[in-house]
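Here's the structure, in structure tokens; my notes come after.
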Amino acid sequence: MAGRSIQGLRCLITGASSGIGLAIARQLAAQGARLIVSARREERLRALVANIVAAGGEAFAVVGDITDEQTRRRLAAESATRWSALDLLVNNAGSGAFGPFAESSPDRLRRLFELDFFAPVELTRACLPALRAAATEHRRPLVVNVGSVLGHCAVPWKSEYCAAKFALRGWNDAVRAEWAREGIELLLASPSTTASEFFERVELGEGLARPAGGSRWFPPSSPDRVARDIVRAIRRGRREVVPSWGGRCLVWASRFFPAVIRWTLARQSPPAS
Ligand SMILES: NC(=O)c1ccc[n+]([C@@H]2O[C@H](COP(=O)([O-])OP(=O)(O)OC[C@H]3O[C@@H](n4cnc5c(N)ncnc54)[C@H](OP(=O)(O)O)[C@@H]3O)[C@@H](O)[C@H]2O)c1
């Protein structure tokens, strides 16, 4: 695929109040993109917008819960009325859960799917008219879905999260083919362990200790590093990006040596309480 310039891109980014989304927002703004940023924590969004505007950029905040249809409608309306078209939608907001499936609840499964699957899918649907408007201007609009390496390789004790990220990947690949002729592109970004607030906010099974973010062999990446790889993939017109070396190893191993991965995962110790 051909590359694209970030300068002047009309972008909507979810989950921009911390971690990977905040880093993507800062980097896109520094390269001249115009932004609508969204999340629930208003003060953080206002501080981000103030910094971008002080540096001569353009940014607006829409505060709200992305699992709420009204928030998604407001976001789509904001981009349509402010710019009349949308060049880049970054579906980044997300969260995780940890613990044995047998002891988890139907509520937790549904909560996770609302945030990690239905919210990005339904926000994309709501933004489709604005994306189509950008396609008619020959702007090659792009939807970036922030999945996970766990959307390629499923691991124990994260069954709900793996299921939601696999679902996002499946939907991403299906609509990529559907929209190819319209000129709307999709990029699936699959980070591995990243040192954000993600692990502080993971929903825990009862009595379980919080999981460590990374290990000695696979240390966490910084959100800035992950965002740099994602923004580079946007510029280069890529379809997929797996930002870390460890993450790429896991994706390749699960694709080419599934029996080895199955054998290894089945020998993992249960989570500590
Ligand atoms: N960290 C990792 O190891 C890792 C690895 C692979 C993939 N990922 C994926 O990367 C993405 C970003 O995660 P992160 O690591 O940057 O975590 P993070 O620092 O916890 O950021 C999550 C973002 O999502 C927003 N968010 C959460 N629930 C929301 C809701 N109901 N409505 C609106 N916004 C909501 C949060 O903002 P508010 O709380 O202010 O609403 C925050 O801005 C997620 O999709 C995650 O699954 C992370």
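The values are calculated or read from the model by the stated rules, or taken from the named source; none is laboratory data. Every value quoted in this text rests on a predicted model; they were computed, and no experiment measured them. Here the Cβ is made from the backbone with ideal geometry for all residues, glycine too, and neighbour counts use every protein chain on show. Keep in mind that these areas ignore ligands, DNA and RNA; they rest on the heavy atoms of the full protein, side chains included. Shrake-Rupley method; radii C 1.70, N 1.55, O 1.52, S 1.80 Å.
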For the stretch 102-123, state whether one or more residues are buried (at least 18 other Cβ atoms within 10 Å of the Cβ), away from the ligand (no atom under 14 Å from the Cβ) and not hydroxyl-bearing (S, T, Y). no
Are any residues in the stretch 216-237 in a loop (DSSP other than H, G, I, E, B), touching a strand residue (DSSP E or B) at 6+ places or on another chain (Cβ under 6 Å) and under 18 Å from L187 (Cα atoms), and if so, which ones? none
Just to verify a result, which residue in the stretch 4-22, among those that are within 18 Å of N145 (Cα to Cα) and more than 7 Å from the ligand (Cβ to nearest atom), is modelled with the lowest pLDDT? R4
Do any residues in the stretch 140-161 that are within 21 Å of E185 (Cα to Cα) have Cβ atoms under 6 Å from those of residues that are part of a loop (DSSP other than H, G, I, E, B) and of a type in the set (A, V, I, L, M, F, W, C), where the two are at least six apart or on different chains, and which pairs are they? P141/I184
How about the stretch 23-41: which of its residues are open to solvent by 30 Å² or more (accessible area, probe 1.4 Å) and within 16 Å of the ligand (Cβ to nearest atom)? R26, Q27, R40, R41
Only residues that are crowded, with 24+ Cβ neighbours inside 10 Å and in a strand (DSSP E or B): list them for the stretch 1-22, please. C11, L12, I13, T14
Considering only residues that are among the hydroxyl-bearing types (S, T, Y), away from the ligand (no atom under 16 Å from the Cβ) and in contact (Cβ under 8 Å) with a residue 40 or more places away in the chain, which ones fall in the stretch 80-101? S84
By residue number, the members of the stretch 182-193 that are away from the ligand (no atom under 14 Å from the Cβ) and open to solvent by 10 Å² or more (accessible area, probe 1.4 Å) are E182, G183, E185
I'd like the full set of residues that are in a loop (DSSP other than H, G, I, E, B) and either within 30 Å of A154 (Cα to Cα) or not hydrophobic (A, V, I, L, M, F, W, C) (or both), limited to the stretch 54-94. G56, G57, G64, D65, I66, T67, D68, S84, D87, N92, A93, G94
Please work out if A54 is more than 9 Å from the ligand (Cβ to nearest atom), open to solvent by 10 Å² or more (accessible area, probe 1.4 Å) and small (G, A, S). yes
All but one of (1) surrounded by fewer than 16 Cβ atoms within 10 Å (Cβ to Cβ); (2) touching a residue at least 12 places away in the same chain (Cβ under 8 Å); (3) not β-branched (V, I, T) hold for D68, so report the exception by its number. (2)
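Here's the yes/no breakdown for (1) more than 9 Å from the ligand (Cβ to nearest atom); (2) of a type in the set (A, V, I, L, M); (3) open to solvent by 40 Å² or more (accessible area, probe 1.4 Å):
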residue	(1), (2), (3)
A195	no, yes, yes
F198	no, no, yes
R201	no, no, yes
E206	yes, no, yes
A209	yes, yes, yes
A212	yes, yes, yes
W217	yes, no, yes
S221	no, no, no
I230	yes, yes, no
